[in-house]
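Notes follow once the structure below has been shown.
The values are calculated or read from the model by the stated rules, or taken from the named source; none is laboratory data. This one's a predicted model, so the numbers in the text were calculated from it and none came from an experiment. Neighbour counts run over all protein chains shown; Cβ positions are idealised from the backbone, glycine included. Areas reflect the complete protein model, heavy atoms only, side chains present, ligands, DNA and RNA absent. Shrake-Rupley method; radii C 1.70, N 1.55, O 1.52, S 1.80 Å.
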Amino acid sequence: RVLANVDQLSGGRLIFGVGVGWAQQEFEVLGAPFHRRGAMTNEYLEAIKVLWTEDCASYEGRFVTFKDVTTTPRPVQQPHPPIWVGGASEAAMRRTVRYAQGWHPIRPRLVPFRDEQVPRLRALAEAEQRPMPELCPRIRLRLTEVPMPDDDRIMGEGTIDQIRRDLEALQELGCTYVLLDTYFDDIEATRHPETSWRMLTIMAEQVLDLPRETLR
């Protein structure tokens, strides 16, 4: 219901991002079974889609059950807001194919992403006889003055030219969205967003053609 409200208030601009989580202590605090989180997530996604698409919804599962629930408000986007699933594991890819419209891996490296992960996702989609999910990776944005060794860096790190080449490769792969993540594992740095704004400004002015949604 909260997500449907957000979709209504935003005029249909919600993207529902899903990840199963990895910090076992968080599950312990919640009293939730860590090793069943994948199965729980799959079932929750099934149940949410029922609630979003039926006027009077019912669902019976191992982890959640409801009957004859009146589902208002409904999302603006039909049949429901796009679902992006994060994670690069086999289970995450399978979850993406079965329940989502987009795959959202975080901080991928170009070669395994291009040569192994995307082909594997495509093979899973073909095996399930489902459409290939959209590719919507999140890359780290970290501009440097001198080039970084390609063997050591992840996509989005390095000089403007290196990052441009990363984005060109992602564009060639047919990525629908690419998120630029300026967080680099330093919580204190988030108190001073000037560096992030500077990097995003450079990208907007020198690399991205935002009105046409492509590269300069």
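With the crude spin-label approximation of a point 7 Å out along Cα→Cβ, what separation in nm comes out for E126 versus E46?
For E126 paired with E46, the spin-label model returns 2.8 nm.
Given H placed 1.01 Å from N in the peptide plane, which residues other than close sequence neighbours of T159 have an amide H under 5 Å from its amide H?
For T159, the qualifying residues are T144, M148.
Find the relative contact order for the range 84-215 and round it to a whole percent, using C-alpha pairs within less than 8 Å whose residues are 6+ positions apart.
Relative contact order comes out at 21 percent.
Give me the percent of the accessible area of the range 1-81 that comes from carbon and sulfur atoms, probe 1.4 Å, all protein chains in place. Walk me through the numbers before you get to the answer.
Details: 2850 of 5210 Å².
Ligands and nucleic acids excluded, carbon and sulfur reach 55 percent.
With a cut-off of at most 10 other beta carbons within 10 Å, and DSSP calling the residue loop, which GluC sites (Glu not before Pro) in the range 1-103 qualify? Please list them.
For GluC sites (Glu not before Pro) across the range 1-103 that sit outside H, G, I, E and B with at most 10 neighbouring Cβ atoms in 10 Å, the list is empty.
Roll a 1.4 Å probe over the protein chains and send me the accessible area per residue for the range 1-45 in Å². Show your work: numbers first, answer last.
Values: 3040 Å² over 45 residues.
Value for the range 1-45: 67 Å² per residue.
With a cut-off of at most 14 other beta carbons within 10 Å, and DSSP calling the residue loop, which GluC sites (Glu not before Pro) in the range 129-184 qualify? Please list them.
Within the range 129-184, the qualifying GluC sites (Glu not before Pro) (loop, at most 14 other Cβ atoms within 10 Å) are E145.
Count the DSSP beta bridges whose two residues both fall in the range 84-215, then state the antiparallel fraction as a percent rounded to the nearest 5.
15 percent
Evaluate the distance, in nm, between pseudo-label points positioned 7 Å from the Cα of R1 and of R191 along their respective Cα→Cβ axes.
Going from the R1 label point to the R191 one covers 3.9 nm.
Could you compute the net charge surrounding F63? Neighbours are other residues with a C-beta less than 13 Å from the C-beta of F63; K and R count +1, D and E count -1.
Charge balance near F63 sits at 0.
In sequence order, what are the phi-derived ³J(HN,Hα) couplings for the range 91-105 according to the Karplus relation 6.51 cos²θ - 1.76 cosθ + 1.60 with θ = phi - 60°, rounded to whole Hz, with x for glycine and proline?
5, 5, 5, 5, 4, 4, 4, 7, 10, 10, 9, x, 9, 10, x
Taking all protein chains as present, what is the carbon and sulfur share of the accessible area of the range 129-216, in % to the nearest whole number, probe 1.4 Å?
The value for the range 129-216 is 49 percent carbon and sulfur by accessible area.
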